[in-house]
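Presented below is the structure to which this report refers.
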Amino acid sequence: MSGRISGMRTLLFATAASVMVCAAVLPALPQEQERSLGTIMDYYDSLVKQGMDGVGNLLKSTRREKSEVEGVWDDLNERFISVFSRIGHFEFDSLLKKETSESAAKKASEWSHSMILLIHDLQAVGEVVAWQRQVNREIFQREFDIEKAPNRLTGYMERLKEDGPRLEAIARDLKNGRLSSEEIQKCLKEVQSIRITAENVSGSIGRTIGYLGEDVTLEKEPDRRIAKILEDWTQMKEHHPDVAPELSDTPLNWVPLAKKHWENLGKAREDFDKAYSPFLEGKIFKDIPVFRDYEYKDLSRPAVSLEIDLKTALAAIVQKEKSESELRRAIELDEELTRKERERIRKLDDSISPQKYRELSLAHSRAAGGINRVRELQLLMSRFPLDQVGSPEYRRLSEESALIMDFKHPEQLAVERKIREFEALKEKVSRERETITNEHRNRKKKLGLAPEW
């Protein structure tokens, strides 16, 4: 059988050297050669072998795009591997019915059955290459993140490296009574700036941790389904003893190619863990005072606590009759009220945002078709003969044009009503905003603090 395969290769068009550029059209049996069961069997043996050679090249690929992996498999399958089971068997079955030799018919029938079973089992290649692409995507992502690790982690640490000791120094000076009122005010602004930095670092770290897991879709252990397919490939010769050895032997050579991708992923994962383990374990700030005791999401807590201490000290200057605990409760309440005020003002500003006003202005200019509709109407009216000027249809067009030009069309009036409502809302928002601002300013003044916006 193997000799027949080698001989029949001259009947086929040459396949591309690489599977990635495989563009050969489906070769046909030569017209000058008599069609027989034997020539058809040799032909499809050779055709499937070409497709399997292409699969071998595909399983070496590290491509990550679907069109370059699953798409290539689909092309190989359609052009080479599955041709007999889809269309080729019709002619074969027809010749088989006419075969007069019982032994030849029996041999051909067994071949056909074995070939169809082989083609069926080869369809599992599609699952393997899809899995392979996922593996290579994760390898690429891991290697990219490993390269970026030093700059990412150093960037986070650099931003807080000096802030930790500075918070400690301010807290120590405040506790020892070394700060004047002016110095407390200055330190408060500094601590507020550190708090904002810590909040930004917390948010950035959270996003980075989420990002690092985005393309990690594979489990730590190989997919059981893929493992079973690879195991089956090692037994193809036993499963398909009646097909050409060149066909049944080939899948065994694919197994190490597929496993190599998983081995490469394992190496990439190890390198990734070495690069990011301190970061993912929450330990990158272990050498920075103050921050080393907090989770990433709580990096601002030391600054928030010191900020309240500083504000309490300022409040004590203007409210000497109150105890420190009373002042601290007042400051904490003020913090909560300030957060609510900020949120309310944000919502108020969003309700009258410039974007919403632009949308209304645009809707007003386009209502009822706007100037484009007026031009269209005037063009239609210009086409009326003189004896039809004044007809019902002409008057309808003229009236519509006049309504639009005078901004009296129902659609225009509806938009203008929304604009008036928007202007009324702006006045209402302005009044509420002023009320919130005054309450905020007065409350802060009683506590000896400056307004925070």
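The values are calculated or read from the model by the stated rules, or taken from the named source; none is laboratory data. Predicted, not measured: the structure shown is a model, and the values here were computed from it. Heads up, the Cβs are rebuilt from the backbone with ideal geometry, glycines too, and the neighbour counts pull from every protein chain shown. The protein model used for the area step is the full one, side chains on, heavy atoms only, and it has no ligands, DNA or RNA in it. Shrake-Rupley method; radii C 1.70, N 1.55, O 1.52, S 1.80 Å.
Listed by chain and number, the lysines placed with their C-alpha closer than 22 angstrom to that of Lys408 are Lys418; residues fewer than eight positions away on the same chain are left out. Only Lys, Arg, Asp and Glu carry charge here, each on its Cβ (+1 for the first two, -1 for the last two); on that basis segment 120-265 has a dipole of about 980 debye about its Cα centre.
Shape class for segment 317-453, computed from the alpha carbon gyration tensor (a ≥ b ≥ c): prolate, with a/c not under 1.5 and a/b above b/c. For the listed residue pairs Lys175/Lys274; Lys311/Lys428; Lys347/Lys444, the alpha carbons are over 30 angstrom apart in Lys175/Lys274; Lys311/Lys428. Along its principal axes, segment 100-147 has C-alpha extents of 69, 12, 8 angstrom, given from the largest down.
Taken about its Cα centre, the chain carries a charge dipole of roughly 2000 debye when the Cβ of each Lys and Arg holds +1 and the Cβ of each Asp and Glu holds -1. Compactness ratio for segment 348-390: Cα radius of gyration over 2.2 N^0.38 Å (N = residue count) comes to 1.96. Computed from point charges on the beta carbon alone (+1 for Lys and Arg, -1 for Asp and Glu), the dipole magnitude for segment 289-378 about its Cα centre is near 680 Debye. Using a Cα-Cα cut-off of under 22 Å, which lysines could be cross-linked to Lys161, ignoring same-chain neighbours fewer than 8 residues away? Partners within reach: Lys148, Lys186, Lys189, Lys283, Lys286, Lys297. Principal axis extents of the C-alpha atoms in segment 335-413 (largest first, rounded to whole Å): 79, 16, 13. Across the alpha-carbon atoms of segment 38-136, the computed radius of gyration and Dmax are 16.0, 54 angstrom.
Angle check, please: helix 163-175 long axis (alpha carbons) against the longest principal axis of the chain (alpha carbons), in degrees 0 to 90, nearest 10. Result, in degrees: 30. Probing with 1.4 Å while keeping every protein chain in the model, the per residue accessible area of the chain equals 58 Å². Positive end of the dipole of the chain (Cβ unit charges, origin at the Cα centre): among Ile40, Ala104, Ser382, the Cα lying farthest that way belongs to Ser382. Within straight-line reach of Lys98, meaning a Cα separation under 23 Å, sit the following lysines at least 8 residues removed in sequence or on another chain: Lys106, Lys107.
Principal axis extents of the Cα atoms in segment 156-264, from largest to smallest and rounded to whole angstrom, are 96, 18, 17. If you look at the Cα atoms of segment 198-238, you get an Rg and a Dmax of 19.8, 64 Å. Taking the Cα centre of the chain as the origin and placing charges on Cβ (Lys, Arg +1; Asp, Glu -1), which of Gly164, Gly370, Leu348 is farthest toward the positive end of the dipole? Value computed over the given set: Leu348. Heavy-atom accessible area for Lys283, with the other protein chains in place and a 1.4 Å probe, reaches approximately 100 Å².
Taking only the alpha carbons of segment 236-323, we obtain Rg and Dmax values of 31.4, 101 Å in that order. Rounding to the nearest 10 and keeping the result within 0 to 90°, find how far the Cα-based axis of helix 370-382 lies from the longest principal axis of the chain. Its long axis makes an angle of about 70 degrees. Here segment 283-409 exposes an accessible surface that is 53 percent carbon and sulfur, computed with a 1.4 Å probe and the other protein chains kept in place.
Dipole of the chain computed with +1 at Lys/Arg Cβ and -1 at Asp/Glu Cβ about the Cα centre; of Ala424, Tyr276, Gly88, farthest Cα towards the positive end is Ala424. The Kirkwood radius of the chain, taken over pairs of alpha-carbon atoms, gives through the Stokes-Einstein law at 10 °C and 1.306 mPa s a diffusion coefficient of 51 µm² s⁻¹.
Rounded to two decimals, the Cα radius of gyration of segment 88-217 over 2.2 N^0.38 Å is 2.54. 3J(HN,Hα) along segment 83-96, derived from phi through the Karplus expression 6.51 cos²θ - 1.76 cosθ + 1.60 where θ = phi - 60°, amounts to 4, 5, 6, 8, 9, x, 6, 4, 5, 4, 4, 5, 5, 4 Hz, with x in place of Gly and Pro.
The percentage of C-alpha pairs in segment 282-335 whose separation is greater than 12 Å is 67%.
Under Stokes-Einstein, with the Kirkwood radius over Cα pairs standing in for Rh, what whole-number D in µm²/s applies to segment 124-189 at 4 °C and 1.567 mPa s?
Values: Rh = 16.4 Å.
For these conditions, the coefficient is 79 µm²/s.
Only protein atoms count toward the accessible area here, which uses a 1.4 Å probe; on segment 196-236, the carbon and sulfur part of that area reaches 48 percent.
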